[in-house]
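Peer 1: Take this structure first; my questions come after.
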Amino acid sequence: MRFPTLTLLLLLLLCLTTLTLAQNSEKYCRINRPKAYQAIGNFCKRSGRLIVPSEYARVGQRDATGRARAWITGNCSGGQWVPQRFCRAQFMEMCQFRTLNKKFGTRMCQYWHLRFDPQSKIGEEPLGGFHKIRKPS
């Protein structure tokens, strides 16, 4: 079967766009939310297979200060494997857009969670899970 040139170009453009968006999310998170970035890196670098549900996924990982945490819970029957590249890309997108919880996986049975210190980016509201800093009156 022969693909038309336009179809191949559109497919290539889609792949490049997806790659660029993932890189932008990672760069944004690394610069603006370094604690979350470190927690995500610690969690997703697991050497073996990351399976949901599992004890490792449920407990998650924290950054060096202990104030940021990334973890996955879920009710996937038989367990679902999360490839490292998807782990990083999906958590980095959550970090960039300040998403606390998001569902992924087959039948959306994986519940991804991200919490980090409100002081990760100065001047912004806290991103859930930690105390809120009140502005002086």
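The values are calculated or read from the model by the stated rules, or taken from the named source; none is laboratory data. Worth saying up front: this structure is predicted, and the values here are computed from it rather than measured. Ideal geometry is used to build each Cβ from the backbone, glycine not excepted, and the neighbour counts take in all protein chains shown.
Peer 1: Confirm whether Arg58 is touching a Ser or Thr at 6+ places or on another chain (Cβ under 7 Å), under 19 Å from Val82 (Cβ atoms) and not hydrophobic (A, V, I, L, M, F, W, C).
Peer 2: yes
Peer 1: Same structure, new question: For a quick check of your reading of the model, give me the residue pairs whose first member lies in region 77-106 and is under 15 Å from Ile51 (Cα atoms), whose second is at pLDDT 90 or above and of a type in the set (Asp, Glu), with beta-carbon atoms closer than 8 Å and at least 6 apart or on different chains.
Peer 2: Arg88/Glu26
Peer 1: Within region 60-82, is even one residue part of a helix (DSSP H, G or I) and not aliphatic (A, V, I, L, M)?
Peer 2: No: region 60-82 contains no residue that is part of a helix (DSSP H, G or I) and not aliphatic (A, V, I, L, M).
Peer 1: In region 56-73, what residues are more than 15 Å from the chain's Cα centre (by Cα) and on the phi > 0 side of the Ramachandran plot?
Peer 2: Answer for region 56-73, where residues must be more than 15 Å from the chain's Cα centre (by Cα) and on the phi > 0 side of the Ramachandran plot: just Gly66.
Peer 1: Something else now. Out of (1) out of contact with any strand residue (DSSP E or B) (no Cβ under 7 Å at 6 or more places or on another chain); (2) assigned to a strand (DSSP E or B), the odd one out for Lys103 is which?
Peer 2: So the condition that Lys103 fails would be (1).
Peer 1: Just give me the residues in region 12-58 being surrounded by 12 or more Cβ atoms within 10 Å (Cβ to Cβ), hydrophobic (A, V, I, L, M, F, W, C), modelled with pLDDT of 90 or more and in a helix (DSSP H, G or I), in sequence order.
Peer 2: Cys29, Ala36, Ala39, Ile40, Phe43, Cys44, Ala57
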